[in-house]
Amino acid sequence: MSRPVLKPEILLQAYAQGLFPMAEGRDDPTLYWVEPDIRGVIPILGFHVPRRLARTVRQDRFQVTVSREFDSVMRTCATPAAGRLTTWINSEILRAYGDLHRLGFAESIECWRDGRLVGGLYGVKMRGAFFGESMFSRDRDASKVALVHLVARLKAGGFVMLDAQFQTAHLSQFGTVELARAEYLRRLAEALGREGDFHSLPEGLSGAEILQSITQTS
């Protein structure tokens with residue numbers, strides 16, 4: 001293991017080569033680079049919204065915002081919760097990705113209920129690729145709603161890759177596929193040759209509008 005200095009330019013170079021950093025635990029200062037042999041990727045075109053989740057999105061149960069509380073989302077993702085006693089997000093990762101956000105290379109989606117932040121996700125954006133990092137939920141389906149809003153935003157903005165790092169049972173319901181490293185790198189190169197606009201979709205759309213933007217053909 002090594003202790004890389006997570007400067008923005010190093011992070012961006014690593015992502016462009018298919019690597020990302022992790023810590024063994026929230027309180028462990030040691031970082032290591034990860035390059036999975038098999039990568040989980042969520043399709044932007046063909047993203048599957050389960051029927052019950054679609055109902056929740058249409059109900060507009062949450063107020064959804066974009067990158068208003070990036071640091072708060074990251075800190076909450078780093079906090080242990082039920083079923084997740086530790087996380088891989090340590091203080092160096094919090095600092096480094098906060099820097100990326102302030103430079104315009106990282107974004108978050110927040111879900112609010114009664115003025116409380118109850119769910120969200122964050123990730124790194126580079127041209128036509130978005131690298132999902134972590135999500136949290138303090139209210140049922142809040143993180144899933146955030147993901148639906150993210151996909152709508154990526155589709156509208158012309159992104160062609162949504163990297164999920166690893167396939168999980170939770171992510172499989174959205175149509176996540178697994179790619180071998182060589183195929184992942186080929187698609188990553190294609191995505192980095194495109195230009196995505198994360199903010200082309202206006203904030204404040206209804207859930208019905210968000211779902212329509214996902215299902216309509218380009």
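Tabulated data
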read-out	value
Residues of the stretch 111-137 classified as assigned to a loop (DSSP other than H, G, I, E, B) and on the phi < 0 side of the Ramachandran plot, total	1
Residue check for Val148: within 22 Å of Arg52 (Cα to Cα), of a type in the set (Val, Ile, Thr) and either in a strand (DSSP E or B) or at pLDDT below 95 (or both)	no
Test: residue in the stretch 149-166 that is in contact with a Gly (Cβ under 7 Å, 6 or more places away or on another chain), closer than 18 Å to Gly123 by Cβ and among the basic types (Lys, Arg)	no
Any hit, the stretch 183-192, residues being crowded, with 21+ Cβ neighbours inside 10 Å and under 19 Å from Thr87 (Cβ atoms)	no
Residue among Ile38, Ile42 that alone is loosely packed, with under 14 Cβ neighbours inside 10 Å and β-branched (Val, Ile, Thr)	Ile38
Looking only at the stretch 8-23, and only at residues there that are outside any helix (DSSP H, G or I) and touching a strand residue (DSSP E or B) at 6+ places or on another chain (Cβ under 8 Å), the one that is nearest to Ala189 (Cα to Cα)	Gly18
Hey, Asp60 closer than 14 Å to Glu133 by Cβ, among the charged types (D, E, K, R), surrounded by 13 or more Cβ atoms within 10 Å (Cβ to Cβ) and touching a Gly at 6+ places or on another chain (Cβ under 9 Å) or not	no
Every residue from the stretch 28-48 that is over 30 Å from Thr215 (Cα atoms) and not in a loop (DSSP other than H, G, I, E, B)	Leu31, Tyr32, Trp33, Val34
Residue in the stretch 100-109 that is in a strand (DSSP E or B), at pLDDT 95 or above, touching a strand residue (DSSP E or B) at 6+ places or on another chain (Cβ under 9 Å) and among the hydrophobic types (A, V, I, L, M, F, W, C) present	yes
Contacts under 8 angstrom Cβ, first residue in the stretch 189-218 being over 23 Å from Ala16 (Cβ atoms), partner part of a loop (DSSP other than H, G, I, E, B) and not β-branched (Val, Ile, Thr), 6 or more apart	Leu201/Gly157; Ser206/Asp60; Gly207/Gln59; Gly207/Asp60; Ser213/Leu201; Ser213/Leu205; Ile214/Phe47; Ser218/Leu45
Some residue of the stretch 169-177 being at pLDDT below 95, among the aliphatic types (A, V, I, L, M) and either in contact with an Asp or Glu (Cβ under 8 Å, 6 or more places away or on another chain) or assigned to a helix (DSSP H, G or I) (or both)	yes
Selection count, the stretch 69-103, where residues are of a type in the set (D, E, K, R) and surrounded by 14 or more Cβ atoms within 10 Å (Cβ to Cβ)	5
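The values are calculated or read from the model by the stated rules, or taken from the named source; none is laboratory data. Note that this is a predicted model, so its numbers are computed, not measured. A quick note on method: Cβ atoms are made from the backbone with ideal geometry, for glycine too, and the neighbour counts reach across all protein chains shown.
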